[in-house]
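The values are calculated or read from the model by the stated rules, or taken from the named source; none is laboratory data. In this text the structure is predicted, and so the values were computed from the model without any measurement. All Cβ positions, even for glycine, are placed from backbone atoms using ideal geometry, and neighbour counts span all protein chains on display. To get the accessible areas, we keep the full protein, side chains included, count just its heavy atoms, and leave off ligands, DNA and RNA. Shrake-Rupley method; radii C 1.70, N 1.55, O 1.52, S 1.80 Å.
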Amino acid sequence: MKYLVMVQGSQADYEAMNGDASERYPAWTEDDVQTMFAFMEKLNEALVRSGEMLDGQGLAEPARTRFVTAGADGRPVVSDAPYDRTETLIAGYWVLDCDSLDRVTEIAARIAQCPVPEGSPDYPVVIRPILESGRDI
């Protein structure tokens, strides 16, 4: 079965990774950032070797997000920041093909061990099965 596995973050998290601390978000050092990337690279390489990784990407900071809705007249309405700087959005994802929910949960537990500076917010790793067809709902 295919699964979408997601990690979350806020604009404040991205700012902290760039060295800008705030009340709930300690500043990351360059070593902290490199340690996180090395962890993710090693994890991704293992998932590619096992044949479970179909895709995976980190996403740009929330400040570069666009939200598109339909206006009353049916025309698109585009907004670039309808969220608070600490609101969490998807920060990265993997599309995995795993034999079972137990296996993808093992991988998510490994992702949750990604090193971050002490005092950083703790976000859950989210697992969502990908439907094979509309009948799977």
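In this structure, does GLN34 turn out to be open to solvent by 50 Å² or more (accessible area, probe 1.4 Å), under 20 Å from VAL126 (Cβ atoms) and either part of a helix (DSSP H, G or I) or at pLDDT 95 or above (or both)?
No.
Can you name every residue in segment 1-43 that is within 30 Å of GLU132 (Cα to Cα) and in contact (Cβ under 8 Å) with a residue 24 or more places away in the chain?
At the first step, the residues of segment 1-43 found to be within 30 Å of GLU132 (Cα to Cα) are 1-9, 40-43.
Within segment 1-43, MET1, LYS2, TYR3, LEU4, VAL5, MET6, VAL7, GLN8, GLY9, MET40, LEU43 qualify.
Would you tally the residues in segment 2-13 being modelled with pLDDT under 95 and either surrounded by fewer than 20 Cβ atoms within 10 Å (Cβ to Cβ) or aliphatic (A, V, I, L, M) (or both)?
Of the residues in that region, 1 qualify.
Modelled with pLDDT of 95 or more, open to solvent by 70 Å² or more (accessible area, probe 1.4 Å) and touching a strand residue (DSSP E or B) at 6+ places or on another chain (Cβ under 8 Å): is that true of GLN57 in this structure? Break it down stepwise before answering.
On the way: modelled with pLDDT of 95 or more: yes; open to solvent by 70 Å² or more (accessible area, probe 1.4 Å): yes; touching a strand residue (DSSP E or B) at 6+ places or on another chain (Cβ under 8 Å): yes.
Taking the combined requirement at face value, the residue satisfies it.
One line per residue, one yes/no per condition, for (1) farther than 25 Å from GLN11 by Cβ; (2) touching a residue at least 12 places away in the same chain (Cβ under 8 Å); (3) not small (Gly, Ala, Ser):
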{"residue": "GLY51", "(1), (2), (3)": "yes, yes, no"}
{"residue": "THR65", "(1), (2), (3)": "no, yes, yes"}
{"residue": "ASP73", "(1), (2), (3)": "yes, no, yes"}
{"residue": "GLU118", "(1), (2), (3)": "no, yes, yes"}
{"residue": "ASP122", "(1), (2), (3)": "no, no, yes"}
{"residue": "SER133", "(1), (2), (3)": "yes, no, no"}
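Go through segment 105-116 and count every residue that is aliphatic (A, V, I, L, M) and either in contact (Cβ under 8 Å) with a residue 60 or more places away in the chain or touching a Leu at 6+ places or on another chain (Cβ under 7 Å) (or both).
Going through segment 105-116, the residues aliphatic (A, V, I, L, M) turn out to be 107-109, 111-112, 116.
Narrowing the set further to residues that are either in contact (Cβ under 8 Å) with a residue 60 or more places away in the chain or touching a Leu at 6+ places or on another chain (Cβ under 7 Å) (or both) leaves 107-108, 111, 116.
The qualifying residues number 4.
Output the residues belonging to segment 60-111 that are open to solvent by less than 60 Å² (accessible area, probe 1.4 Å), within 19 Å of PRO129 (Cβ to Cβ) and not in a strand (DSSP E or B).
Hits for segment 60-111 are CYS98, SER100, VAL104, ILE107, ALA108, ALA109, ILE111.
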